[in-house]
Every structure is written in C-alpha cells, then in structure tokens.
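Values quoted throughout were computed directly from the atomic coordinates according to the rules given, and no laboratory measurement underlies them. Nothing here was measured: the structure is a model prediction, and the numbers come from that model. Positions of Cβ are backbone-derived with ideal geometry, glycine not excepted, and every protein chain shown enters the neighbour counts.
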Amino acid sequence: MNKIFVSAASAAVALTALCSAPSFSAGIDLDYNGDGLINSLDMSVARRVTTDKAELERLQNFLLDNEPSGSPIDASCILEPKGTVHTGEGTFYGGGYEGGCAMLDPVSRDHWVVAMNLEDYNNAQLAGAYLEVTGELGTINMLVTDLLPEGKKGDLDLYKDAFPLIAPAEKGRVPVSWKIIPLDTAENAPVSYKYKEGTSEYWCGVQVRNHRYPITKLEYLNEDGEFTALTRRPYNYFESDEMGAGPFTFRITDIYGQVIIDRNIPLSTDDSVIIQGHVQLPE
C-alpha cells in the first residue's frame, strides 16, 4: 500500500488557501459569500473576487430590483405630517425669480415665488417647496426660491405682484397661513438634476429639481454597493468628493420619509444643463 505523507507546514498552507477562497452557495446565483442570502454583503465580496463589470452590474441591478415593494418610508427623515398648516406674517419684495438662495435659476414665471424664514427653510430643506399660501383675500400657490433671514418662524416674503392676491398691498404686513402641497409640474414629469459649476469626477455638487415634495436626503450608490449620503449645503446643493465619474444611482428621500431610487444618471460638467431623471416621488 502506498502511503502519502503531508508535512504539517504543507497542511497549514492548504488549509489557509481553502479558508481564504471565496465561498459560493451551491445552486444560488449571485450569493458570493455563501450565506444563502443575496444582499449588499455579496457586493463587497464580488468586488474582491471578480473584475467582470457586467457581472457586478447584474448583482447591483438584482439588489436594486429586490428592494422592499411599494414606497419605502425612512421614518428618520419625516419632518411633519402631510397637510400641516403653518402660520406667520406675510410681507412682499421684488426678488425671487433670479439670484435666490435656493439657486433654482432660471425660475419659470408660471409660478409665483416666495422667500421663507430661516428656521422653516432649515438649511435648504424646504428649498423648492410648493406652498399653498392663504391671506384675508384669497389663496395662491407659490414656489420657495429664496430666504428671508430676518423672518420669524412661519413668516413669508411674497413676490410683490402676488401679495395683492391674498391681502391689500397697503397693509404691507399681514397674517398668513401656508402648507406644503405637491408641485404641479411634478405630476407628469420625473425629478431632474443640475450639477454645480466646477463639478468633475473629483468633486461634485448636484441639485435635485422638480421634486413633488421637498428633499431631506440624497444618497448615491458607491462602489461597494452601499448608499452614501451627500452633504447638503445651505445654497441647495448636495456635495461629495468621492462620487467619481458616474453614471450614478441616486436614492432620494423627501420630508415625509418617502424613498425613490433613480438609476443611470450621468455626470455633467456643464452647469447650464438640466438632466432628466426617470422617477418621481409618490403623492
């Protein structure tokens, strides 16, 4: 009988190699870590064991397609219940269509515009919000494009031509109430994106536009298959120096915690271009 002798050192090497080899579940496609589940942990393993871009995209698409059905809710992002009514004082001024703090130029003249007090504006969280504003003479809808730094909570500064629609202009300062409503132009169109001047693969500033409700959080899908939050700035851009050259998969969360995912959004270094997305926040 022939005997095979294996040294202790050789056995140790063989065992180490076996333990370090990637594990795959038998019969379960895309289960790279062999735990019987397909999730973001598999993406981390897959990026170490394969350079096949098509395979990585297949896994990424599987993970996105199998997110919880319906409209997921991120409770940590909920600002207030839908329909919440705010009260304050209304004044008027001549700006808002150009050069507003929300940096939404060019603003369509199809919308009345309004500036919001610092507390409610909340580091641009309500930039681009669509409001139903009511005064003693009536109600109008207005787009938040600017900031009212000296205003108290609830206060609004209406565009001068809009003010007489809710109160006599000679009064100058009047009680108003307002609530956030769905943006009318979002009814039949997806969200859109505008990149900030200076954007490149090394640094990116991106703004979400035409959102049905105001945005609380913007995230991008990183190389490990995990969503990473971008830093929000008071001038209504989200910024990062780690996103790369794109295209991007964005996850958007509004002030009611509603979450949507928008894929294949290209990078643009032209700050005059508005890029159309593919999805819209639910009503």
**Report entry** Theoretical gain in end-to-end length, TYR93 to SER108 [0.36 nm per residue, Cα-Cα removed]
**Finding:** 3.6 nm
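Once a ≥ b ≥ c are taken as the square roots of the eigenvalues of the Cα gyration tensor of the range 79-185, is the result rounded (a/c under 1.5), prolate (a/b larger than b/c) or oblate (a/b not larger than b/c)?
Numbers: a/c = 1.29, a/b = 1.11, b/c = 1.17.
Note, shape of the range 79-185 comes out rounded.
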**Report entry** Inter-label distance, nm, simple model (7 Å from Cα along the C-beta direction), ASN123/GLU242
**Finding:** 1.7 nm
Report summary line: Quick shape check on the range 139-283: root eigenvalues a ≥ b ≥ c of the Cα gyration tensor, a/c under 1.5 is rounded, otherwise prolate if a/b tops b/c, else oblate, and it reads prolate
**Report entry** Hypothetical label at ILE181: residues of the range 138-160 whose amide nitrogen lies under 11 Å (7 Å Cα-Cβ projection)
**Finding:** 139-143
Query raised in the report: Of LYS82/LYS217; LYS152/LYS196; LYS152/LYS217; LYS194/LYS217; LYS152/LYS179, which ones are farther than 21 Å apart at the Cα?
Result: LYS152/LYS196; LYS152/LYS217
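Hey, what's the Kirkwood Rh for the range 177-227 if you take every pair of different alpha carbons, in angstrom?
Details: mean 1/r = 0.0749 Å⁻¹.
Evaluated over the range 177-227, this radius sits at 13.3 Å.
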